[in-house]
Amino acid sequence: MATNAVNTTNNFSETWLSLRFELLKHLKRRRLAILVVLATILPLLPLIRTPDTALGFAGNSLGFMTVLIVVSAAMFAGDAVCGEFEKKTSLLLFPTPQNRASIFAGKYLAALACTFLVISLWYLVLTLETGALYGWREMPEDMWKSFLTALIFSTAAVGVAFLVSSILKRSISATILVFLILMMIMPVAVMIMTLLESEPWFVVTYSANLITTVLGTTSSLPMGPHGDVVQQFTPTFGRGVVVMVTYAVVCVAAGMAIAVRKED
Amino acid sequence: MEYAIRTENLTKSYGKTFKALDGVSLQIKRGEVVGYVGPNGAGKTTTIKILTGLVRPTSGHAYVNGTDVAAKPKDALRSIGALIEVPGVYDYLTPHETLTYFGRVYGMRRDMIDRRIKETLELVRLPDWEHKKTGAFSTGMLRRLAIAKAILHRPDILILDEPVLGLDPKGIMEIREMIRQFRSEGMTVFLSSHLLSEVAEVCDSVVFLDKGKVVSTDSVEGIGQRMDHGVAAVRFLRPLSPQDIERLRSIDLIRSVDVKNGTARLHYDGKPESSVQILKILVSLNLDVVSYAAEGVGLEEYYVSVMSDEKGVN
């Protein structure tokens, strides 16, 4: 009996194949559709009460960007690895002539592509709104830098979700833990260190503040019964980017190493 | 000789104390249909997971068409189709979408993928479900879809792990018929099951596994001969008279005779030649034999006797 299987695939084409299959799955599960709708509608919320300046408007809108990225990372990458083992689709997917690392690389890239898409949509809507409300000349000139920072932060956030997914066994646990890490544990750590007047430069969510601070917005933290103001630190662009890229590289590499060795 | 499947002293340990596999060596020729039988927890699925690259052995080697699965998994898995345990499906996808992806994984051309999807879904009796989401499928349909995925690329070797688990009698018959068809097409089939009747129906030979060790290997025919324990059940046209029974007892080859409900059970030495000779004598005595059958111990009894043997053959 002659098999129809032929050896035409390399690691790159396997990754591409896995990426396309993952995108199809995200589309069919309607997760992508849900986030696309959110990324289109939520930037309209600041219209309820518009600030005087375009910078203020953009700053208000982009205040939600970190949340959107975390939600997107958790939804697209939270079950990327553990979901296959939990639902036993690993028994269908893995006994095939594919490099496992290629499969997981495709999964990471697909989650990243979906996150990039929702971020891009948000910025597109925000740009159109800002231009329409305040005029194109008032557009914050570092909007592109903010957009770039959001994309870089998303590589780290999706990387964290991917790592958590490769460590845990259940999709729901992985998704919740991703939220806890990026929405509670890290921000609380940043707050504590800020109160101790120590810059939390190594925490990735602190670096994510660049999404708004690159526009030129500043903030301070009122604390205590008399509303004493604690000066917040502002991440520098270069170091923030390095921290985010480091998180992405380390988390993806560690997640990949664990996922490839994972057994039923 | 290059075997379709060969394992050498395959061992899989979990922790320091538990050995799921303990030196399993198998040799399966091309075109053979081999049953892999053992109680739950014997190590059948672990063996299959090693053969399909899902699990790495602690020691030993597994070869598929001469290729070491652990060393070159992609090469080894290209010629394998596998149904392992009860695989999950992407319930938001249709069989067409799922099988198209796997067709691409096997490097098949688009037109070939479309043709094979039609052929395999026809074979597993799901042609009308090609574009329906699998979330609505029954257990039997999901199992048949998993088989369709396993044979999509026309593998040389088909590995089936408990393929009839959870199926109704009709589903079991359909799977059995499929396996016979695969055999007629020259496919090597390695079938793990804890159902002896399943294995006896479709396999050429059987490997018995217990506590991670191979305890017996034999052809189905050989097992049948071994199960012959020296009793021939004979029915006669008329009830036997005391004189007839006495005539039976006087035959040298017959050790004793029991008569119950019109059937005489003749005890002899169990040799096939003796059985033939006894039948000839009965005919020559004009006892009007209606039926004559060598009784064996049940396959289950054989299984129990093999499994209770502490000594492995590896």
Original post:
With charges only on Cβ, +1 for K and R and -1 for D and E, what is the dipole size of the protein assembly as shown about its Cα centre, in debye, rounded to 20?
Top reply: 460 debye
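Over chain A, with every protein chain in place, what whole percent of the accessible area is carbon and sulfur at 1.4 Å, could you tell me?
On the way: 8100 of 11950 Å².
Of the solvent-accessible surface of chain A, carbon and sulfur hold 68 percent.
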Subject >> Shielding of B:97-108 by partner chains, average beta-carbon count, 10 Å >> reply: 6
Original post:
Which loop trypsin sites (Lys or Arg not before Pro) in region B:75-166, with loop taken from DSSP, have no more than 15 other Cβ atoms within 10 angstrom of their Cβ?
Top reply: B:ARG109, B:ARG125, B:LYS132
**OP:** Calculate, in whole percent, how much of the Cα-Cα pair population of region A:38-119 lies beyond 16 Å.
**Re:** 63 percent
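How much of the calculated P(r) for region A:21-65 lies past 15 Å, in percent of all Cα pairs?
In whole percent, the share of Cα-Cα pairs in region A:21-65 beyond 15 Å is 53.
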Original post:
To the nearest 10 square angstrom, how much accessible area does A:GLU141 have with a 1.4 angstrom probe?
Top reply: 150 Å²
**OP:** Among B:ALA150, B:SER274, B:CYS203, pick out the residue whose Cα is farthest towards the positive end of the charge dipole of chain B, where Lys and Arg carry +1 and Asp and Glu carry -1 on C-beta, about the Cα centre.
**Re:** B:ALA150
Original post:
When you count, for each residue, the other Cβ atoms within 10 Å and take the mean per peptide, how do B:158-168, B:235-245, B:41-51 rank with the highest first?
Top reply: B:41-51, B:158-168, B:235-245
Original post:
Where does the charge balance sit around B:LEU121 when Lys and Arg score +1, Asp and Glu -1, over other residues with C-beta under 15 Å from its C-beta?
Top reply: +3
**OP:** Among B:VAL220, B:VAL283, B:GLY53, pick out the residue whose Cα is farthest towards the positive end of the charge dipole of the protein assembly as shown, where Lys and Arg carry +1 and Asp and Glu carry -1 on C-beta, about the Cα centre.
**Re:** B:GLY53
Subject >> chain A shape via C-alpha gyration tensor axes, a/c threshold 1.5 >> reply: prolate
**OP:** Can you tell me the 0 to 90 degree angle between the C-alpha axis of helix B:169-184 and the longest principal axis of chain B, rounded to 10?
**Re:** 80 degrees
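Tell me: how much accessible area in total is hidden between B and A, 1.4 Å probe, Å², nearest 100?
3800 Å²
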**OP:** Would you please state the base-10 log of I(q)/I(0) at q = 0.08, 0.10, 0.11, 0.13 1/Å for the protein assembly as shown, with intensities from the Debye formula using one equal scatterer on every alpha carbon?
**Re:** -0.70, -0.92, -1.03, -1.22
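Above 23 angstrom, tally the Cα pairs of chain B and express them as a % of all pairs, no decimals.
Numbers: 31212 of 49141 pairs.
Everything past 23 Å amounts to 64 percent.
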Subject >> Å² of accessible area per residue within the protein assembly as shown, as computed with a 1.4 Å probe and no ligands counted >> reply: 45 Å²
Subject >> Simple Cβ-charge dipole of region A:105-264, Lys/Arg +1 and Asp/Glu -1, about Cα centre, in debye nearest 20 >> reply: 580 debye
Subject >> Inter-probe distance in nm under a simple model that places probes 7 Å from Cα toward Cβ, at B:SER274 and B:GLU246 >> reply: 2.5 nm
**OP:** Within 10 Å of each Cβ in peptide A:96-109, how many partner chain Cβ atoms are there on average? Round it to a whole number, please.
**Re:** 3
Subject >> Cα-Cα over 32 Å, subset of A:LYS169/B:LYS44; A:LYS262/B:LYS118; B:LYS170/B:LYS260 >> reply: A:LYS262/B:LYS118; B:LYS170/B:LYS260
Subject >> Tilt relative to chain B, helix B:110-123 - C-alpha long axis, 0 to 90 degrees, to 10 >> reply: 30 degrees
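Taking the square root of 5 times each eigenvalue of the Cα gyration tensor, what semi-axes in Å does the equivalent ellipsoid of region B:29-133 have, largest first?
29, 17, 14
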Subject >> Exercise: per-residue mean of other protein chain Cβ atoms within 10 Å, B:75-83 >> reply: 4
Subject >> region B:29-92 - percent of accessible surface contributed by carbon and sulfur, probe 1.4 Å >> reply: 48 percent
**OP:** Over every pair of different alpha-carbon atoms in region B:133-185, take the mean of 1/r and invert it; report that Kirkwood radius in Å.
**Re:** 11.8 Å
**OP:** At most 11 other Cβ atoms within 10 Å and a DSSP loop assignment: could you name the GluC sites (Glu not before Pro) in region B:1-59 that fit?
**Re:** B:GLU2
**OP:** Would you mind classifying region B:207-279 by shape? Square roots of the alpha carbon gyration tensor eigenvalues, ordered a ≥ b ≥ c; an a/c under 1.5 is rounded, otherwise it is prolate if a/b is larger than b/c and oblate if not.
**Re:** prolate
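The values are calculated or read from the model by the stated rules, or taken from the named source; none is laboratory data. Owing to the predicted nature of the structure, the values given are computational and were not obtained by experimental measurement. Positions of Cβ are backbone-derived with ideal geometry, glycine not excepted, and every protein chain shown enters the neighbour counts. For the accessible areas, the whole protein counts, side chains as well, though only heavy atoms, and no ligand, DNA or RNA atoms are used. Shrake-Rupley method; radii C 1.70, N 1.55, O 1.52, S 1.80 Å.
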